[in-house]
Each structure stands twice: as C-alpha cells, then as structure tokens.
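The values are calculated or read from the model by the stated rules, or taken from the named source; none is laboratory data. Computed from a predicted model, the values in this text were never measured in an experiment. No Cβ is skipped: glycine too gets one built from the backbone with ideal geometry, and neighbour counts run over all protein chains shown.
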C-alpha cells in the first residue's frame, strides 16, 4: 500500500507516495505520524485544505471558500448571483448537481480566470 508523505513535518516539500513495505517503523511527533525507512524519514500528509491547496495548486485547484478546494479546470458554470460554481453546463444543472460555494473575496479572481479560459 502506498501513502502520501512529504520530507518535512509542515508538508512544504513535494508529495511522495511511500510504499509501506519500505517502512521499518513509525512514531508520533507533534501529532504527526513519522515513517522511517532504512535510509530516510517521511511525514504523513496532513489532512487539511490548506496543506492540500499548496500541493494541488499546480494541478489547477484553488481554495474558493474556507470549506472547499475546487479544480478550476472542471468548472462549467458560475452563478454570479448565488456565488456558486457548477461542474455541469448551465442547462443541465439540477438540485443534485455537484457545486461549490465561492467566497465574496474570491469572486473577482474567479471571474477573471473564467474570462481568460473562454478566450
């Protein structure tokens, strides 16, 4: 089994997929699991949107609200009045459509991105 880890406890370095078969032992350090191999040590990727946003940004993900991280490449429609992005075209949106909220502070940045995407 492989798990996402980094080389530093703050998860600032690139994500590495560590094979658990290579781990000789694990321990806790500052509420984080540290994996030790014969040659190195790795820190478990912290499950927070802030940490994930640092790593996923290069894949097109942006934190548009404090509670979500959105793949900008997958946005099909933005409801400017409700501040919601949808991942389906406007005419196909239903109550069950996947969506994410957009904080007012990110609205203009998102509109600029979507305008550039159309061009």
Exercise for the section: Kindly indicate whether any position in the stretch 92-99 is in contact with a helix residue (DSSP H, G or I) (Cβ under 7 Å, 6 or more places away or on another chain) and assigned to a strand (DSSP E or B). Expected result: no
Handout entry: Pairs, first in contact (Cβ under 8 Å) with a residue 12 or more places away in the chain in the stretch 102-119, second in a helix (DSSP H, G or I), C-beta under 7 Å, six or more apart
Key = 102/110; 113/72
Handout entry: Tally of residues being loosely packed, with under 13 Cβ neighbours inside 10 Å and under 14 Å from residue 1 (Cβ atoms) across the stretch 20-37
Key = 2
Completion exercise
Pairs returned, first residue in the stretch 1-22 that is on the phi > 0 side of the Ramachandran plot and modelled with pLDDT under 95, second residue that is surrounded by 10 or more Cβ atoms within 10 Å (Cβ to Cβ) and in a strand (DSSP E or B), beta-carbon separation under 7 angstrom, 6 or more apart or interchain, are 11/43
Problem - Filtered residues of the stretch 27-62 (kept if under 19 Å from residue 100 (Cβ atoms), in contact with a strand residue (DSSP E or B) (Cβ under 7 Å, 6 or more places away or on another chain) and free of Cβ contacts under 8 Å to residues at least 24 places away in the same chain) - result: 49, 52, 53, 56, 60, 61
Exercise for the section: Considering only residues that are crowded, with 17+ Cβ neighbours inside 10 Å and in contact with a helix residue (DSSP H, G or I) (Cβ under 8 Å, 6 or more places away or on another chain), look in the stretch 38-61 and name the one that is nearest to residue 94 (Cα to Cα). Expected result: 61
Exercise for the section: May I ask you to list the residues in the stretch 71-83 that are under 18 Å from the mean Cα position of the chain (by Cα) and surrounded by 10 or more Cβ atoms within 10 Å (Cβ to Cβ)? Expected result: 71, 72, 74, 75
